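Worksheet: the structure to be examined is printed underneath.
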Amino acid sequence: MDQVSPAMASRYYQEMQESFRGNNKSREFPAHTAKVHSVAWSCDGRRLASGSFDKTASVFLLEKDRLVKENNYRGHGDSVDQLCWHPTNPDLFVTASGDKTIRIWDVRTTKCIATVNTKGENINICWSPDGQTIAVGNKDDVVTFIDAKTHRSRAEEQFKFEVNEISWNNDNDMFFLTNGNGCINILSYPELKPIQSINAHPSNCICIKFDPTGKHFATGSADALVSLWSVEELVCVRCFSRLDWPVRTLSFSHDGKMLASASEDHFIDIAEVETGEKLWEVQCDSPTFTVAWHPKRPLLAYACDDKEGKYDSNREAGTVKLFGLPNDS
């Protein structure tokens, strides 16, 4: 593994600390009428999409330092639990819903270009790095692989354990699942033959993310730990332990040097990947269930379980937030 020299690491640390000192403002933008489950950036960073319990997806344009709502996407009959963009086409995104369908949308037409029926209530989704396949996981631990062009199912796997989050590696030749027994299961792709099962955590392994450089992946667990893994050697390189609650969501910055993690703790932890040191923490008033770094800038989109406190403490706010804005903006 190539090591970053301590001097270089500390230079990056100082640069980012300085950057956040001048750019640590968070701003919120109305997006939905209920809790936001998922936020994600298009590959070019021009748009942010959000999916909500209100059965819709919203898309914003990033203009300078603010999000401008472009469209609301309706059609699902149940909560939109997760969404993701096409890895190289900035106009396409896909949503997974509890209504037993996934939908592919094109921001140029604002229409749903495909609805694919699946067997169960869908809770997680990812798009393969080559753009050819969409994998969707449901509440019954079935993962379906759907051809992104024909919209037909290519393969279906029923697992005997609780499947939490799913992801391809950046090379597109392995498929990873995190499970309820604290393991990371690795399958060959496209054959889907088991390669390895790694005991990663003593309790439920919730989320997994690969860094853009392909060097590391990270997992978050119910034990409140984030573990960082070498893709090449499949060994744990270090752990981040600043959160006290189950880690719900992770995101690497565009350069792979920062890792944001969040939970029911009222802050988002931003760590330096190479040293594990805390670079910053983003204060929140409530649990955070989704975070996503911008693909080109140190801007973090996130959504919390906020309530409309002013009038009705039970009503969900449905806002998306952006951290990393200039303090004077």
Qualifying residues in the range 142-169 (those that are touching a Gly at 6+ places or on another chain (Cβ under 9 Å) and surrounded by 18 or more Cβ atoms within 10 Å (Cβ to Cβ)) - the one farthest from residue 43 (Cα to Cα) = 163
Number of positions in the range 55-83 that are open to solvent by 20 Å² or more (accessible area, probe 1.4 Å) and in contact with a strand residue (DSSP E or B) (Cβ under 8 Å, 6 or more places away or on another chain) | 15
Can you give me the number of residues within the range 203-215 that are over 27 Å from residue 155 (Cα atoms) and touching a strand residue (DSSP E or B) at 6+ places or on another chain (Cβ under 8 Å)?
-> 2
Restricting attention to the range 34-82, report how many residues are closer than 19 Å to residue 294 by Cβ, in a loop (DSSP other than H, G, I, E, B) and not hydroxyl-bearing (Ser, Thr, Tyr).
-> 6
Applying the selection to the range 145-180, what residues are in a strand (DSSP E or B), of a type in the set (S, T, N, Q) and touching a residue at least 40 places away in the same chain (Cβ under 8 Å)?
-> 164, 167, 178
Those residues of the range 1-45 which are at pLDDT 90 or above, of a type in the set (A, V, I, L, M, F, W, C) and open to solvent by 30 Å² or more (accessible area, probe 1.4 Å), in sequence order | 43
Expected single match for in a loop (DSSP other than H, G, I, E, B), under 22 Å from the mean Cα position of the chain (by Cα), in contact (Cβ under 8 Å) with a residue 12 or more places away in the chain and more than 21 Å from residue 78 (Cα to Cα) among 131, 120 is 131
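The values are calculated or read from the model by the stated rules, or taken from the named source; none is laboratory data. Predicted, not measured: the structure shown is a model, and the values here were computed from it. For neighbour counting, all protein chains shown are included, and Cβ atoms are generated from backbone atoms with ideal geometry for every residue, glycine included. For accessibility, only protein heavy atoms count, side chains too; no ligands or nucleic acids. Shrake-Rupley method; radii C 1.70, N 1.55, O 1.52, S 1.80 Å.
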